[in-house]
Amino acid sequence: MKEMFLIIIFIVASLLGYRVIKEVPSLLHTPLMSGTNAISGVTILGSLVSTAYAVSSGSKFLGFIAVVLATVNLVGGFVVTDRMLKMFKS
Amino acid sequence: MIGTYEIVSIVLSILVLVGIKLMSSPKTAVQGNRIGAMAMLAAVIVVLAYNGIIDVPLLWFAIFVGGVTGYIMAMRVKMIQMPQMVALLNGLGGGASALVALVEIFERYKQMTLFGRLTGQLALAVGAVTFSGSLIAAAKLDRRISQRPIILKNHGLISNAVLLIIILLIITASVANISGIGFIAIITAFLALAYGVLFAIRVGGADMPITISLLNSFSGLAGAICGFTIEDPLLVAVGAIVGASGLILTQIMCGAMNRSLVDILSGSQLNSGINKKET
């Protein structure tokens, strides 16, 4: 049941994501790619949960690395995008 | 089934959609990026609170290390190096998804349902392909590797063979209750890393931005599949949004450069691509 619910969410979110952008000026291709790349750091949610519940220290270590990498992706991604977009303004 | 967490998930997913929408127009792009960042910050806090893990010091330490590293990297990079920076960051996200999948497989394989095993293995493979593919893309853009397409003898055959073995391993590990699952998972991860390399070295430097956009879509997909494994609707939703919008952006970029994705991935050069296809 839970699985069915998750699959439905996946399908609905994919359809919405597929329709959200239609026309993008080519100037914005890279910043948009960079911005959505930052959001793909969302996998941090998974890394936080599995690290917290991991029992063996090996798994905890791998999970720790996962949280670090995902946070670099998130923070770095948003800051980089912000810098790129600011450049266009000036 | 629909509780507070699910409702919060829907709200945050809509925020992410709004952020991406705003980012696709010059006037609102800065705002869109910030809305995306806010939504992610809120998502992290909600997930920590909902799972009762907000007071785990290890997690905050990891967030601190990653946050500082990410910020310094992003501030130091020169504008001209942006594409390779994005590729590198994207690779890290894919790597994180692969590691989460690995942890889940190591810790919970015995208790997992068929669905959990299948999605765990898939997330591991897609995440690992994203990781190595993005690192190769970054190295090519940074001219650490030749920008020309590197095509091995029987390149397509080797890639397909590796992909086939990965699929067989995923199916075996999902259907059968394997005792040496850790070993199988690590083999799968290495093969997926190899596949990512094979996939990215074939692409020429000029086509790299499109490849990165495609890999960006993969990293969203890897996150969404991770969400299936740990049964988190918010991760599934946001991952799927990034996966799908990344795919459409890839198509838009192909259109703008007058290139077909198939040509790009097979490593054909710019001029030969135009001769072959008019899209």
Toy charge model, Lys and Arg Cβ at +1, Asp and Glu Cβ at -1: the protein assembly as shown dipole around Cα centroid in debye, rounded to 20, equals 980 debye
Counting other chain Cβ atoms within 10 Å of each Cβ in B:211-218 and taking the mean gives 4
Rg/Rh over Cα atoms for the stretch A:1-75, Kirkwood Rh, comes to 1.11
Computed over the protein assembly as shown, the Cα gyration tensor eigenvalues, each multiplied by 5 and square-rooted, give semi-axes in Å (largest first) of 29, 25, 19
Chain B, Gaussian network, Cα under 10 Å: of B:A137, B:A244, B:A224, the residue fluctuating most is B:A244
XL table A:K22/A:K86; A:K86/B:K78; B:K27/B:K78; Cα-Cα > 21 Å flagged, in table order, is A:K22/A:K86; B:K27/B:K78
Between the Cα axis of helix A:29-39 and the main Cα principal axis of chain A, the angle (0 to 90°, nearest 10) is 20 degrees
Given A:16-23, A:30-37, B:49-56, the highest-first ranking by average Cβ count within 10 Å works out to A:30-37, A:16-23, B:49-56
By the C-alpha gyration tensor axes a ≥ b ≥ c (rounded if a/c is under 1.5, else prolate when a/b exceeds b/c, else oblate), the shape of the stretch B:1-76 is oblate
Expressed as a whole number, the average count of other chain Cβ atoms within 10 Å around the Cβ atoms of B:69-82 is 5
Given a Förster distance of 56 Å, the FRET efficiency implied by the Cβ-Cβ spacing of B:I167 and B:K27, rounded to the nearest 0.05, works out to 0.80
For chain B, shape from the Cα gyration tensor axes a ≥ b ≥ c, cut at a/c of 1.5 then a/b versus b/c, turns out oblate
Note to self: C-alpha centroids of the stretch B:117-186 and the stretch B:200-227 sit apart, in Å, by 13 Å
Put in order of increasing Cβ neighbours within 10 Å, starting from the fewest, B:I80, B:I241, B:I184 give B:I80, B:I184, B:I241
Looking only at aspartates and glutamates whose Cα falls under 17 Å of B:K140's and that sit 8 or more positions away or on another chain, we get B:D207
Per the helix-only model, chain A has a calculated mean residue ellipticity at 222 nm (DSSP H runs of ≥4, -39500 (n - 2.57) each, divided over all residues, rounded to the nearest 500) of -27500 deg cm²/dmol
Tilt, helix A:2-20 to longest principal axis of chain A (alpha-carbon atoms), in degrees rounded to tens, equals 10 degrees
Low-density loop trypsin sites (Lys or Arg not before Pro), the stretch B:6-45, at most 12 other Cβ within 10 Å, DSSP non-H/G/I/E/B, are B:K27
Counting other chain Cβ atoms within 10 Å of each Cβ in B:245-256 and taking the mean gives 5
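Any read-out appearing in this document is the output of simple, stated calculations on the displayed coordinates, not a laboratory observation. Because the structure is predicted, anything quoted here is derived from the model rather than measured. Here Cβ is always computed from backbone atoms with ideal geometry, including for glycine, and neighbour counts include all displayed protein chains.
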